[in-house]
Amino acid sequence: DGKSFTQALIPLDSNANQNQQKAPSQTQPTTDIQKSDKPNVELFVMSHCPYGTQMEKGILPVAKELKDNIDFEIKFVNYAMHPTQGEVEEQLNQYCVQRDYNDKYLDYLGKFLENGDGEEALSSVGISKSDIKKCVEETDKEFDVIKNLEDKSSWSSGRFPKFMIYDADNKKYGVQGSPTLIINGQQAQSGRGAQSLLSTICSAFITKPAGCNTDMSSFGTPAPGFGFDTQGGSATSAG
């Protein structure tokens, strides 16, 4: 319901606890971000996580405003919590859209975030399933995406299928859930609205570009889940 916050899920079964104890120490979020000429911004989400989609809606207008002043990429957590909603398949498709049609990805994502319809989002940017078929097949084979989805015995805690495309980065940054914002290799604290995200990302510039002066207060704070309403009412569409 968006009224509570937890830093991490703690698995209760013995195997998961053993794995957690062996995990490296996790990177703690920081407001003191290392500065660079061109910040690297990575947002880890699950495609159907209501709080992941909330931050995606907040960061979309920021990424469009800052454009090539930042290196921006959506990445996925290494397990999925919404497999019955088609989360694994959607993330595989999104990976390929972002990789092969990067100039259309933000528009695709904006459409997808309206109602969670991936096919409609593909059509809206002029991409067909056949356009990404080769990438989907190659990526699926390399990372056992569908195999891990179908093999429930491999699911984490018996509930969550593995999604291993960005597994190395998840481990590198200590990502535990969706959303996790990484700026210049550090977990960063930020609100999920566009204005807060713009301020957080712009704090990582050595010399801030003009886009950092943009007033994004009209976007408000997006509500969790799909649709572009805000927590306080209507909002300007991130599209």
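The values are calculated or read from the model by the stated rules, or taken from the named source; none is laboratory data. Only a predicted model underlies this, so the values are computations on that prediction, with no experimental measurement involved. So basically every Cβ, Gly included, is an ideal-geometry build from the backbone, and we count neighbours across all protein chains shown. Only protein heavy atoms, including side chains, enter the accessible area calculation; ligands, DNA and RNA are left aside. Shrake-Rupley method; radii C 1.70, N 1.55, O 1.52, S 1.80 Å.
Are there any trypsin sites (Lys or Arg not before Pro) in region 109-141 that are in a DSSP loop and have at most 12 other Cβ atoms within 10 Å? List them by number.
Hits after loop and neighbour filter: nothing returned.
Sorted on the mean count of surrounding Cβ atoms within 10 Å across their residues, most packed first, peptides 171-181, 99-109 read 171-181, 99-109. Count the net charge of all other residues whose Cβ sits under 11 Å from the Cβ of Gly227, scoring Lys and Arg as +1 and Asp and Glu as -1. That works out to -1. Its residue count N fixes a reference of 2.2 N^0.38 Å for region 117-176, and the Cα radius of gyration divided by that reference is 1.38. Taking a ≥ b ≥ c as the square roots of the eigenvalues of the Cα gyration tensor, region 178-219 is classed as oblate, since a/c reaches at least 1.5 and a/b does not exceed b/c.
Count Lys and Arg as plus one, Asp and Glu as minus one, and take only other residues whose Cβ is under 12 Å from that of Glu119; the net charge is then -2.
Rounded if a/c is under 1.5, else prolate if a/b beats b/c, else oblate: with a ≥ b ≥ c from the C-alpha gyration tensor eigenvalues square-rooted, which is region 95-215? Judged from the Cα gyration tensor, region 95-215 comes out oblate (a/c at least 1.5, b/c at or above a/b). Karplus-derived 3J(HN,Hα) values for region 135-146, using 6.51 cos²θ - 1.76 cosθ + 1.60 with θ = phi - 60°, are 4, 4, 5, 5, 5, 4, 5, 5, 10, 6, 4, 6 Hz; glycine and proline are entered as x. Within a straight-line Cα-Cα reach of under 18 Å, Lys129 can be paired with the following lysines, leaving aside sequence neighbours fewer than 8 residues apart in one chain: Lys104, Lys111, Lys141.
Its residues counted as N, region 102-151 yields a C-alpha radius of gyration over 2.2 N^0.38 Å of 1.29. Ordered by solvent-accessible area of protein heavy atoms (1.4 Å probe), largest first, the residues Lys35, Lys75 come out as Lys35, Lys75. Using the empirical formula 2.2 N^0.38 Å as the baseline, the Cα radius of gyration of region 29-164 reaches a ratio of 1.09.
Roughly how many percent of the accessible protein surface of region 144-239 is carbon and sulfur, given a 1.4 Å probe and a whole-percent answer? Before the final figure, lay out the partial values.
Numbers: 2090 of 4570 Å².
Roughly 46 percent of what the probe reaches on region 144-239 is carbon or sulfur.
In the context of the full set of protein chains, region 113-202 has a per residue accessible area of 49 Å² (1.4 Å probe).
Report, in debye and to the nearest 20, how large the dipole of region 89-239 comes out about its Cα centre when Lys and Arg carry +1 and Asp and Glu carry -1 on their Cβ. Roughly 520 debye, rounded to the nearest 20.
Taken about its Cα centre, region 58-114 carries a charge dipole of about 40 debye when Lys and Arg each add +1 at the Cβ and Asp and Glu each add -1 at the Cβ.
Charge tally for Ile74 (other residues, Cβ to Cβ under 15 Å; Lys, Arg +1; Asp, Glu -1): -3.
Straight-distance candidates among the aspartates and glutamates for linking to Lys75, with alpha-carbon spacing under 12 Å and chain neighbours fewer than 8 residues away dropped: Glu42, Glu56, Asp167, Asp169.
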